[in-house]
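For reference, the structure is listed below as structure tokens.
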Amino acid sequence: VLKESRKEKSYTGKRPPRFAPAGQSTQMIVGADDATDATILGTSTRLYSSYRLKRVYYSAFSPIPDASASLPLIKPPLMREHRLYQADWLLRFYDFALDEITGATDDGNLALDIDPKLAWALANRHLFPVDVNRADRELLLRIPGIGTRTVGRILTTRRHRSIRYDDLRRMGANLKQAKPFLTLTDWRPRTLDTEALRARLAPPPQQLSLF
């Protein structure tokens, strides 16, 4: 684990300072006050860029007996913690800017029913569908259901030939989520503009995953 930690880049793309070879981290408690997800992610971004933190961890507040009256009596949804981790992942590995993620929220809080990348895509439908055989890496990373490894495989494969629907399936893409937002040699979506798209793509409440 330590070996992998040393290899991982910080948010700024630079190695952590030599006095902390494994990188420094911190934890943020979520739901102990009225801070929105936008505020929490803004703090995380400053910590990554200004202090070169290796990792920010998020932990949902859990009420304890005889606590201060200023603390809430009910813990926040566990899904909120999960969505913050997903947003943090987008900031560190998918080249998303903070305002791209927070701009897809209505009240400064991430949606609980869909992941933040899907929320961004639904809020920016004018950028889709993306031609997988022509788009650059930055835009490919913004397609819901497609991760960094799949993008790497896309870029490698299309140097030699056009990518088809079955190719993308074999590369590990989540096609249920991805297919409304992309075009391929043998695929064009028909449901990008439908009002029911969000509900159709939302996972079951118990399902937790990274994109």
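List of remarks:
- Cβ pairs under 7 Å, 6+ apart, first in the range 34-58 and without any contact (Cβ under 8 Å) to a residue 24 or more places away in the chain, second assigned to a loop (DSSP other than H, G, I, E, B): LEU47/LEU53
- Any hit, the range 106-126, residues being without any contact (Cβ under 8 Å) to a residue 60 or more places away in the chain, farther than 26 Å from ILE40 by Cβ and among the aliphatic types (A, V, I, L, M): no
- Residue count, the range 47-71 (criterion: at pLDDT 95 or above and closer than 16 Å to ILE101 by Cβ): 2
- Qualifying residue in the range 72-94 (condition: part of a loop (DSSP other than H, G, I, E, B), modelled with pLDDT of 85 or more and within 23 Å of VAL151 (Cβ to Cβ)): yes
- Hey, ASP113 in contact with a Lys or Arg (Cβ under 9 Å, 6 or more places away or on another chain), surrounded by fewer than 16 Cβ atoms within 10 Å (Cβ to Cβ) and not in a helix (DSSP H, G or I) or not: yes
- Any hit, the range 6-27, residues being touching a Ser or Thr at 6+ places or on another chain (Cβ under 7 Å), modelled with pLDDT of 65 or more and under 24 Å from GLU100 (Cα atoms): yes
- Residue check for ALA173: under 19 Å from HIS82 (Cβ atoms), free of Cβ contacts under 8 Å to residues at least 40 places away in the same chain and surrounded by 15 or more Cβ atoms within 10 Å (Cβ to Cβ): no
The values are calculated or read from the model by the stated rules, or taken from the named source; none is laboratory data. A quick note: this is a predicted structure, and the numbers were derived from the prediction, not measured. Heads up, the Cβs are rebuilt from the backbone with ideal geometry, glycines too, and the neighbour counts pull from every protein chain shown.
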